[in-house]
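Just so it is clear, none of the values below were taken in a lab; they were calculated from the coordinates. Remember, it's a predicted structure, so these values are computed and weren't measured experimentally. Please note: Cβ atoms are built from the backbone with ideal geometry, for glycine as well, and neighbour counts cover all protein chains shown.
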Amino acid sequence: MIIRCERPEEFPEIYDLVKVAFQTAKVSNGNEQDFTDELRAGSGYIPELALVAEEDGRLAGHIMFTKAHIVGDGGRFETLLLAPVSVVLEYRNKGAGSGLITEGFRRATGMGFESVLLVGDPAYYHRFGFVTAASFGIKPKNDIPEQYVMVRELVPDALCGVSGTADCF
Ligand SMILES: CC(C)(COP(=O)(O)OP(=O)(O)OC[C@H]1O[C@@H](n2cnc3c(N)ncnc32)[C@H](O)[C@@H]1OP(=O)(O)O)[C@@H](O)C(=O)NCCC(=O)NCCS
């Protein structure tokens, strides 16, 4: 499986991939494919951190890390939002999701990013070192249940002293 940056000519295929993948997600609002397009059109888009997994010349999965901020009394702290991650049904449970996440971490760390934030299922994300954002005093600006808002330091103690509201969901 190859992990590489997404290409503009693939955007329509990625839209469909995300839409179909989330039809079997535990939690979905049905808009993840449009959210992907919005993130790509936004100022936080980082082409180097929008990745696909390719297997036998086919797209098997997709992930996006975009710039986000935690805003609190201590100021405005830059972080990454991991959203969304999608794997085509027939390629699941073969490590594509894990590969996209860990390769994203590796590239993001190399680019100087220090932490990642997401809304997701703790049962899946704990294995990648994500912990509840509330344990750092980081909260969403809306009413997402706090156990689903998670953070992961890419650099040890990067979130030490960082608290506030995530501006991205
Ligand atoms: C979640 C997703 C990206 C995982 O992709 P994948 O390529 O199958 O993941 P991996 O092969 O790296 O890991 C598979 C493992 O994750 C587990 N897993 C997958 N989704 C899970 C979930 N929601 N909760 C708990 N565990 C989950 C599998 O049971 C498997 O466990 P095992 O290693 O103990 O056998 C994929 O299932 C998907 O696209 N789902 C629909 C979209 C979605 O839910 N995205 C995440 C939003 S939070």
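Things to note:
- Here region 2-166 is treated with +1 on each Lys and Arg Cβ and -1 on each Asp and Glu Cβ, and its dipole about the Cα centre works out to around 320 debye.
- Those aspartates and glutamates that a straight Cα-Cα span of less than 19 Å connects to Lys139, excepting residues fewer than 8 apart in one chain: Asp73, Glu78, Glu114, Asp121, Glu153, Asp157, Asp167
- Relative contact order for the chain: 21 percent, from Cα pairs under 8 Å spaced at least 6 residues apart, divided by residue count.
- Principal axis dimensions, region 2-166 - Cα atoms, whole angstrom, descending: 47, 31, 29
- The magnitude of the dipole of region 1-61, with charges of +1 and -1 set on the Cβ of Lys/Arg and Asp/Glu and taken from the Cα centre, is near 180 debye.
- Only beta bridges with both residues in region 2-166 are counted; by DSSP, about 85 percent of them are antiparallel.
- Karplus-derived 3J(HN,Hα), 6.51/-1.76/1.60, for each residue of region 97-114, Hz, glycine and proline x: x, 4, x, 5, 5, 6, 5, x, 4, 4, 5, 5, 4, x, 8, x, 6, 10
- Given charges at Cβ of Lys, Arg, Asp, Glu: region 2-166 dipole, positive-most of His62, Thr132, Tyr91: Thr132
- Relative exposure of Ser98, Ser115, judged by other C-beta atoms within 10 Å (fewest first): Ser98, Ser115
- Considering only Ile3, Tyr15, Asn31, the residue lying farthest towards the positive end of the dipole of region 1-46 is Ile3, judged by Cα position with unit charges set on Cβ.
- Here the residues His62, His69, ranked from fewest to most Cβ neighbours within 10 Å of their Cβ, fall in the order His69, His62.
- Mean ellipticity per residue at 222 nm, deg cm²/dmol - from DSSP H runs of n ≥ 4 across the chain, formula -39500 (n - 2.57): -7000 deg cm²/dmol
- Ranking of Thr36, Thr102 by neighbouring Cβ atoms within 10 Å, starting from the fewest: Thr102, Thr36.
- Built amide H within the under 5 Å cut-off of Thr165, gap 5+: Val71, Gly72, Lys139
- Anchor Lys19: aspartates and glutamates whose Cα lies under 17 Å away (excluding residues fewer than 8 positions away in-chain): Glu6, Glu10, Glu32, Asp34, Asp37, Glu38, Glu90
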